[in-house]
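Here's the structure we're looking at; comments come further down.
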Amino acid sequence: MNGYLSLENGMNFEGELFRYSEEPVIGEIVFFTGMTGYQEVLTDPSYKDQIVVFTYPLIGQYGINENDSESGVPQVKGVVMLHCPDVYSHYQATSSLQEYLTKWEIPYMTGVDTRQVVKTIRELGSQNACMNGTQVIPQSHKPGGQIKKVASEELVSYGTGKTHVALLDFGVKKSILTSLVKMDCTVTVVPFDRLGELPSLNADAMVISNGPGDPKEMAHILPILKEHILNLPTLGICLGHQLIALALGGDTRKLLFGHRGANHPVIDHGTGGVYLTSQNHNYVVEDDSLQGTDLKPRFYNVNDGSVEGLQHETKPILSVQFHPEARPGPEDASYIFEEFYQSIKQPGREKIYA
């Protein structure tokens, strides 16, 4: 059926709409610029309840497989594309993108001028959008509560490695867990609202995961989170990076349209290298807010100069705004996991929770 993508600013884009109820589909609209990786994007908990615009015109060509999902189900509210094929070419694929979206009843639109949609978002900022059979301009409101929808409820352990890592789950991607297990780690996934159980785990280190939404929604857990950050070697990824900054006294702000895609250049002042990174976030850490926190910016975005990662002056605390596990995207930054692992193995380091 013919449909409309209506933005909060009053702009409308026509296309063909595929949906599974008569209710308007409303969510924050964001875009992804990668040529591949659509399956990882659709299942990334960081995209919870968002309408994703894929800018590459040939999305769906290699189909959907059984291995590349970052969570058990799609997390997006809707999808906007130029074209959605019903055939696929990759030998590992088990269904087409069209079949996958239909199976999970994810509304999508095709035939949309995605280039103009993205130009609008870049010029006017992130905003709400509505996919519907008629033009319905969505109201302005700040989404919230996504973390509770995507985080786990139970403690679960993976791997049999010698190093025990507690992975705080705010909407963790499967690839982060896989990366840690590959480094000879036993990983216990801990729901964000069960931080009080961390001491009983006797973990060697802690990773704070990615996740959706505004990090300041987690203000109520920052005091106890700070205690654990200061007591254990800690790595924060994306939302986890922002939470480390907030817990230790820094501040965050919302970007105009966020960083999303698989080709963001980041400079690491620790190594002097520039790396291409995969990113998906709306918020960044304020550089000026870090005075007195003992956190120092180590990584910066080459395009806009925003902070992309922090390192503590005296403690083994490291954070990155980008995704070192990639999926999708380049694996340039995978060395972050090895650096974190080595910080755990420093001679003379004793467990705090013994």
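The values are calculated or read from the model by the stated rules, or taken from the named source; none is laboratory data. Owing to the predicted nature of the structure, the values given are computational and were not obtained by experimental measurement. Every residue, glycine among them, receives a Cβ derived from its backbone with ideal geometry; neighbour counts consider all protein chains shown.
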Exercise. Can you spot a residue in the stretch 315-323 that is assigned to a loop (DSSP other than H, G, I, E, B), among the basic types (K, R) and either modelled with pLDDT of 95 or more or assigned by TED's automatic domain parsing to the domain that holds Q242 (or both)?
Worked result: yes
For this session: Search the stretch 226-236 for residues being assigned to a helix (DSSP H, G or I) and within 24 Å of T178 (Cα to Cα), and hand back the single one that is nearest to the chain's Cα centre (by Cα).
Result: I229
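Per-residue answers, yes or no, for (1) in a helix (DSSP H, G or I); (2) crowded, with 24+ Cβ neighbours inside 10 Å:
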{"residue": "E217", "(1), (2)": "yes, no"}
{"residue": "Q242", "(1), (2)": "yes, yes"}
{"residue": "G249", "(1), (2)": "no, no"}
{"residue": "A262", "(1), (2)": "no, no"}
For this session: Would you mind telling me which numbered condition in (1) under 20 Å from the mean Cα position of the chain (by Cα); (2) crowded, with 17+ Cβ neighbours inside 10 Å D204 fails?
Result: (1)
Exercise. Looking only at the stretch 215-225, which residues are closer than 16 Å to F170 by Cα and not aliphatic (A, V, I, L, M)?
Worked result: P215, K216, E217, H220
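For every residue, the table says whether it meets (1) surrounded by 15 or more Cβ atoms within 10 Å (Cβ to Cβ); (2) at pLDDT 95 or above; (3) among the aromatic types (F, W, Y); (4) over 16 Å from F257 (Cβ atoms).
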site	(1), (2), (3), (4)
Y4	yes, yes, yes, yes
L7	yes, yes, no, no
R19	yes, no, no, yes
I26	yes, yes, no, yes
L42	yes, yes, no, yes
V53	yes, yes, no, no
G63	yes, yes, no, yes
Exercise. Scanning for something surrounded by fewer than 21 Cβ atoms within 10 Å (Cβ to Cβ) and in contact with a helix residue (DSSP H, G or I) (Cβ under 6 Å, 6 or more places away or on another chain), does the stretch 88-108 turn up at least one residue?
Worked result: no
Problem set entry | Checking S89 against (1) modelled with pLDDT under 95; (2) touching a Ser or Thr at 6+ places or on another chain (Cβ under 9 Å), the condition it does not meet | (2)
